[in-house]
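To keep things clear, I will list the structure first and then write my remarks on it.
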Amino acid sequence: MTPTAYMEKQSVSRLCEMFHDERLDYDIRAYAEVELLRRIGGAGLGKKDIHARRLGKASGATGKTD
């Protein structure tokens with residue numbers, strides 16, 4: 001299984017854990033970061049930011065500001 005395919009199967013919370021776990025190899029953390037950014041649309045990587053992004057998607061908000 002490729003690293004990309006493995007990351008696609010992980011939950012957002014697990015990807016966050018992997019991204020912040022400094023014991024893991026840099027490449028693994030980079031794959032986790034890329035997958036997080038792909039899923040949450042480039043929002044910040046803090047737990048509050050991910051939660052806020054999910055709430056925005058649930059309510060139909062675009063997240064764009066003018």
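The values are calculated or read from the model by the stated rules, or taken from the named source; none is laboratory data. Since the model is a prediction, treat every value here as computed from it, not as a measurement. Areas reflect the complete protein model, heavy atoms only, side chains present, ligands, DNA and RNA absent. Shrake-Rupley method; radii C 1.70, N 1.55, O 1.52, S 1.80 Å.
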Filter the range 43-66 for residues that are open to solvent by less than 70 Å² (accessible area, probe 1.4 Å) and either at pLDDT below 55 or not in a helix (DSSP H, G or I) (or both) and give the result.
-> A43, G44, L45, G46, I50, G60, A61, G63
Which condition breaks for A32 when tested against (1) modelled with pLDDT of 70 or more; (2) open to solvent by 70 Å² or more (accessible area, probe 1.4 Å)?
-> (2)
